[in-house]
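The block underneath contains the structure these notes are about, expressed in C-alpha cells.
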Amino acid sequence: MKLIQSLMGRRQFLIATGVASTAALARRKLAGVFGPDSQVSEAMASEAPEAVDGKKYVSGRYRHLLSPIKIGNVILKSRMTHTRSLPHFLQGPEIFPSEQVISHYAGVAGNGAAIVTVRGSEGMVDRRTLLGDNAHMCMWDIENPGVQNYMAQLAEAIHFHNSKAFAGINIAMPDGYSISSYAGDTGRSFGMINNEKDTTEGSEAADMLSNLRRFMSVGKLSGKEIPVDLMQEMIAGAVKQAKYYRDLGYDGVNIYMAYRAHMLAHALSPVLNRRTDNYGGSAENRARLPLELFQAIKKACGRDFLIEAQISGEDELAGYTLEDVVQYAKSWEGTLDMLQLRAPTQNLSHPMGQNSEKGAPMTIRYAEALKKSGTKIVTVAVGGYQDLALNEEFIATGKTDMIGMARTYICDPEYGQKALEGRGEDVVPCIRCNKCHGNTSWLSFCSVNPKLGIAHRLKGVISPPDTSKKVAVIGGGPAGMQAAIVAAERGHKVTLYEKQSALGGLLRHTDFVSFQWPIKEYKDFQIRRMNKLGVKVNLNTETTPEMVRKEKYDAILFAGGTGPVIPKIPGVDGSRVWNVFNVYENEKALGKNVVVIGGGRGAETGLHLSQCGHHVTVLASGAQIRPEEGPHQGINYQKTDNFDFILQAIPTRIFKGKVTYRISSGEEKSIDADDVVIFAGFKPAKEAAMKFSGLSDQFSIIGDCSGDGGDIRKCNRTAFAAASMI
C-alpha cells in the first residue's frame, strides 16, 4: 500500500504542477499490489529465488515483472531494480547527499524500483586534481558524523516507498601494486589468451592489444604483485564500508567487478591475473578473492544483508568468457545473492541506437545462460531495458530473475505507475543519448524528460490552470508536439498546424535511418500521445497570421524550427547537391560516390548513406568528425565500411563531379563526387515567428527557432516551460 500511496502522491504533485493527466487518478483498483515489507530471521543467503505468486498481488499485463521475489529472508516488492547510477551533476559542492539527490533517489523508489542503488563515496579526492566528468561526481565525506546523518536520511527516503536501499562500494588497486607482476611481452601474452591471433599492425587483434595496454595503464599495472596480506587488508576495508552502510540503515551493497581498474575485475581476468598461488590460474582460483570478500561481508553484516555484484557477461579484452562467468557464479553460491550482468565494455553497457538492436538487449543471453546453468544466484540483466512488454516477457519466460534499469527511471518519472496500470504504450521512450550520464555543459538533463534537474524547483512555480483555453501550436516537430502534449494534459483545447505531410520535423529522417530507431520510437510516441489526448492536427497547412487571428486563440506557441544554412561555396546550387533536410527521402537517387560537407549531423547522415551502399567521404572543418558530447557516445566512425573522413578540410568548390578542398597545410586537393550532401548548420525561423506575435494574449517561441538551433532536449525544455504557463 505504501508504494501505491507514494505513486499517487507523485501523481498529485505532477498534477499540481500542471504536468500529468488526471485520467489515472480515477482508477482505484491498485491498492495492496505488493504486500508487506517482509524480513524474518535466519536463512541461507543465495537460496534459489522464490517467486511469490503474482496472482495474489497483481493482475494485468505485467504481473510477472511486478510480482515480488524472495531472496533468503528478504522479499523485494517487484522484479525491477535501479542500478548504481546518478545523473552526475545533480550534486553540488556538498560533501553529503544534497536534497536534490535524496529526492531523485526517493523518486526512483516511488517509481517502482524494488532496490535503489545509490552511488557510494568514491573517496574524498581533491576536486582540483580531477578533470572533466569525474570532477563533478559526488564525493561524500563518510567519516563525517553530519554526513552520516544525511546518508541515513537517504536510506530512509528510499524505505518510505517499500524499497531496499543499496550502496555501491569499490576495491581500488593500491598504488604501486598490480594483481600480479606482469612479465614478458604483452603482445605475446595477449595472443596466447586469444588463440595466437595475428597482432600485426592494422589487424583486429592489434587494435584489441592497444585497448588492452590502455586498460592495463589505467589499472596501474606497472607495480609489483600485491601480497596476500595486503589483499586481506583491502577486503577488511571493504567490509568496513559495508558495515558503515548497514549501520546507517542500508539493506545491501553493490560491488563493482566489471571492466575497470578495480582489484576484483583484475583478479577475474586471465590476461591481468598471472598469479601462481591460490588466487590465480584456474577460473575457480581467480574467483577466490571475490568469494572471500562476499564471505567476509556476510559474516560481518549478517545473512539478510544482501550482496549484489556487477560483472561483464563476457570480456574478450580481459580474457574471460561467459562459460567462465557461469563457473564464477557457481563458486559464489551461498555468499553472493545477486549478480548483475553487464555488457563487455563501458560504451556497450550504455547502449545507443548505433550499438544496440531494437527489442534485443545484448545482456539477456548472459542472464539466460546463468539461469540454465542452475545457479542459485539471482540474475539481474542490465543495459537498455525499458520496454515493459519485453521486460515482462523476459521475467515470465525465465530468462532472468530481475531487470536492472537507470535511464528508464530518468526518462519517465511515471514508469512504475504505468506498469501498474498496464500502459506500456505510454512510457516515454529513452532516445539513448546518454546525456544524463555526463555532458560538456555541466548540467544534468534528460532529452525527453524536461523536469530532470529542476523538478525540485517546480512546486509553486507551475500552477494548474483556472480555465480551459484555446491553444494553437505552429509546427509539428518535437517542440511543437511536446507543447501540444503538455497543454492538452493541462486540460486545454489544442490545435497543431504542420506545413509538411507528416509530423516529426527534423526527426522525420529517423523513418529511414536504422541506427536512429530510439529517436524514431520517441517521435512515434509523441504522435501517439497527441492522438490519445485529442489534439487536433492539421497537416499540409501553411499557417498564416490571418488564419490564426481568425480563430481567436488564447495562446499561440510557435515551433517553426529551422532551415538549412547554405554555405557560400561555388557550385553549391548544382543539381547534384543536397542538404540533410532533403537527402534521406531521395537516397535512392544518389550515385555511388557521395561527399558530405560538414561533420556532426553531416557525419551521421554520411554514416546512414554508407549503410545504404554508397561510398561516403566526410569533409569536416574541425579537428573532430563529431564534437564530443559526453561519455559513452558509441559511434566508431573509423570502423565503418564504405565510410572515410578528412578532418580540417575546408571545401572551396563543387564542379563537374568533384569537390575541391583545402587542408590545414594550405594545399588544395579534390575528390570525386557523384553527389554532394551539405550540412553547415541550422538557421532558426525567427522572422517567421515574429509574424505571429500579438495575435493572442500569450505568445511564445519554442524549440530550435527560440535561439541558435538546438536539440531534442532544448525542444522539450522550452516547450514544457511555455505550455506549463498557459
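The values are calculated or read from the model by the stated rules, or taken from the named source; none is laboratory data. These figures come from a predicted structure and were not determined experimentally. Note that we place each Cβ from the backbone using ideal geometry, even for glycine, and neighbour counts take in every protein chain shown. Ligands, DNA and RNA are stripped out before the accessible areas are found, and what is left, the full protein with its side chains, is counted by its heavy atoms. Shrake-Rupley method; radii C 1.70, N 1.55, O 1.52, S 1.80 Å.
Summary table
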{"read-out": "Failed criterion for residue 447 (all others in (1) surrounded by fewer than 24 Cβ atoms within 10 Å (Cβ to Cβ); (2) touching a Phe, Trp or Tyr at 6+ places or on another chain (Cβ under 9 Å); (3) not in a helix (DSSP H, G or I) hold)", "value": "(1)"}
{"read-out": "Within region 57-112, strands (runs of 3 or more DSSP E) holding 3 or more residues that are in contact (Cβ under 8 Å) with a residue 40 or more places away in the chain", "value": "74-76, 80-82"}
{"read-out": "Residue among 560, 606 that is part of a helix (DSSP H, G or I) and either open to solvent by less than 10 Å² (accessible area, probe 1.4 Å) or closer than 26 Å to residue 704 by Cβ (or both)", "value": "606"}
{"read-out": "So residue 542, is it open to solvent by 50 Å² or more (accessible area, probe 1.4 Å) and modelled with pLDDT of 95 or more", "value": "no"}
{"read-out": "Residue tally, condition assigned to a helix (DSSP H, G or I) and surrounded by 24 or more Cβ atoms within 10 Å (Cβ to Cβ), over region 456-487", "value": "10"}
{"read-out": "Scan of region 348-383 for residues that are over 23 Å from residue 254 (Cβ atoms), at pLDDT below 95 and of a type in the set (D, E, K, R), ordered by number", "value": "357, 358"}
{"read-out": "Residue that is nearest to residue 582 (Cα to Cα) [pool: residues in region 680-726 that are β-branched (Val, Ile, Thr) and open to solvent by less than 50 Å² (accessible area, probe 1.4 Å)]", "value": "712"}
{"read-out": "Cβ-Cβ under 6 Å pairs, at least 6 apart or on other chains, region 237-258 side of a type in the set (Phe, Trp, Tyr), far side in a helix (DSSP H, G or I)", "value": "250/155"}
{"read-out": "Among residues of region 405-447, those that are closer than 20 Å to residue 63 by Cβ and among the polar types (S, T, N, Q), counted", "value": "2"}
{"read-out": "Lone unmet requirement of (1) part of a loop (DSSP other than H, G, I, E, B); (2) modelled with pLDDT of 95 or more for residue 616", "value": "(1)"}
{"read-out": "Options 146, 202, 168, 184: the member that is in a strand (DSSP E or B) and either on the phi > 0 side of the Ramachandran plot or modelled with pLDDT of 85 or more (or both)", "value": "168"}
{"read-out": "Near pairs, Cβ below 6 angstrom, 6+ apart or cross-chain, from region 310-327 (closer than 16 Å to residue 290 by Cα) to any residue that is among the basic types (Lys, Arg)", "value": "310/342; 312/342"}
{"read-out": "Counted residues, region 515-537 - those being closer than 24 Å to residue 584 by Cα, open to solvent by 20 Å² or more (accessible area, probe 1.4 Å) and out of contact with any Gly (no Cβ under 8 Å at 6 or more places or on another chain)", "value": "4"}
{"read-out": "Condition check for residue 630: among the small types (Gly, Ala, Ser), at pLDDT 90 or above and either open to solvent by 40 Å² or more (accessible area, probe 1.4 Å) or in a loop (DSSP other than H, G, I, E, B) (or both)", "value": "no"}
{"read-out": "Residue list for region 689-705, filter: aliphatic (A, V, I, L, M) and either closer than 26 Å to residue 597 by Cβ or touching a strand residue (DSSP E or B) at 6+ places or on another chain (Cβ under 8 Å) (or both)", "value": "689, 695, 701, 702"}
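Results for (1) out of contact with any Gly (no Cβ under 7 Å at 6 or more places or on another chain); (2) of a type in the set (D, E, K, R); (3) outside any helix (DSSP H, G or I); (4) at positive phi, shown as yes or no for each residue.
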| site | (1), (2), (3), (4) |
| --- | --- |
| 570 | yes, no, yes, no |
| 595 | yes, no, yes, no |
| 599 | no, no, yes, no |
| 602 | yes, no, no, no |
